[in-house]
Amino acid sequence: MMSCRAAWCYPAGMAGQEARPPGGVADMTGLARTLVIACLSIAGTAAAQEAAAQEADLARGEYLARIMDCGGCHTRGVLVGRPDPDLYLAGSDVGFHLPGLGYFYPPNLTPDPESGLGNWSDEDIIRAVREGVRPDGRMLAPVMPWGSYSVLTDEDARALAAFLRSLPPREFPDEPVPVADGDEPEAPYLEIVMPQN
Ligand code: HEC
């Protein structure tokens with residue numbers, strides 16, 4: 001936000017001093033009062049501009065999440081043709097079996113601190129999306145299309161992370177965890193079949 005410390009923002013003789021508390025405005029000369037009011041309205045405009053920029057970022061993030069189809073995997077019910085709009089991006093209880101790799105379930109991307117991304121920083125989210133690396137260092141299975149997302153610009157990555165943070169937090173009590181091939185999967189999965197003749 002724009003600061004009001006510029007010399008012209010202070011009435012003559014006040015430059016370099018701290019601004020007076022609002023009660024003091026009534027005691028000032030007409031010129032001083034005009035300057036203070038002008039300064040406050042500039043600060044107000046800057047705040048409004050910042051809010052508008054944040055709103056534009058969220059709209060961009062929402063748009064990106066749509067066209068990058070995050071919801072096509074990370075929304076409950078979507079992989080069996082019954083998406084639950086109330087659980088948009090709150091994780092899927094149907095996963096993917098990648099032969100030779102294991103069973104992977106699209107996790108909860110809402111800011112729930114237990115099962116979602118509530119304790120992830122923006123940088124953690126951006127790294128997972130663009131590089132396929134979780135904060136604990138584990139590589140994400142390539143069914144999460146981070147290879148394609150690796151070209152996301154910094155600006156778009158930040159907007160996407162801001163949008164995920166703005167989602168209503170949703171719990172996912174028995175969220176299935178990934179298991180290695182050969183182990184018993186915790187929940188249903190779609191079988192990925194390698195190309196064959
Ligand atoms: C084709 C399905 C698919 C799409 C599309 C997809 N993801 Fe994923 N995503 C997954 C799967 C499956 C995992 C879990 C992989 C694993 O555990 O190794 C995952 C993992 C993640 C993780 C790591 C979360 C965690 O708790 O470990 C993040 C963050 C993530 N995806 C964000 C996104 C975002 C944001 C989008 C859209 C821009 C997106 N994903 C699109 C399938 C998908």
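Yes/no matrix, rows are residues, columns are (1) of a type in the set (Lys, Arg); (2) assigned by TED's automatic domain parsing to the domain that holds residue 98:
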residue: 116; (1), (2): no, yes
residue: 124; (1), (2): no, yes
residue: 129; (1), (2): no, yes
residue: 140; (1), (2): no, yes
residue: 146; (1), (2): no, yes
residue: 165; (1), (2): yes, yes
residue: 169; (1), (2): no, yes
residue: 183; (1), (2): no, yes
residue: 196; (1), (2): no, no
(request) Among the residues of the stretch 181-196, write down those that are loosely packed, with under 10 Cβ neighbours inside 10 Å and among the hydrophobic types (A, V, I, L, M, F, W, C). (result) 193, 194
(message) Any residue that is touching a Phe, Trp or Tyr at 6+ places or on another chain (Cβ under 7 Å) and not in a helix (DSSP H, G or I) - is there at least one of those in the stretch 76-84?
(response) no
(message) Looking only at the stretch 72-85, count every residue that is small (Gly, Ala, Ser) and either more than 13 Å from the ligand (Cβ to nearest atom) or surrounded by 19 or more Cβ atoms within 10 Å (Cβ to Cβ) (or both) and tell me the total.
(response) 2
(message) Based on this model, can you work out whether residue 140 counts as surrounded by 20 or more Cβ atoms within 10 Å (Cβ to Cβ), aliphatic (A, V, I, L, M) and closer than 26 Å to residue 81 by Cβ?
(response) no
(message) For the stretch 172-197: of the residues being closer than 14 Å to residue 106 by Cα and among the charged types (D, E, K, R), which is farthest from the chain's Cα centre (by Cα)?
(response) 186
(request) Determine, yes or no, whether residue 151 is more than 12 Å from the ligand (Cβ to nearest atom), closer than 23 Å to residue 64 by Cα and among the β-branched types (Val, Ile, Thr). (result) yes
(message) Could you check the stretch 95-105 and list, in sequence order, the residues that are in a loop (DSSP other than H, G, I, E, B) and either more than 14 Å from residue 172 (Cα to Cα) or more than 10 Å from the ligand (Cβ to nearest atom) (or both)?
(response) 99, 100, 101
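Please find, among 86, 93, the residue that is modelled with pLDDT of 95 or more, in the same structural domain as residue 176 (by TED's automatic domain parsing) and more than 30 Å from residue 194 (Cα to Cα).
Criteria check complete, one pass: 86.
The values are calculated or read from the model by the stated rules, or taken from the named source; none is laboratory data. What you see is a predicted model; the values in this text were computed from it and never measured. Heads up, the Cβs are rebuilt from the backbone with ideal geometry, glycines too, and the neighbour counts pull from every protein chain shown.
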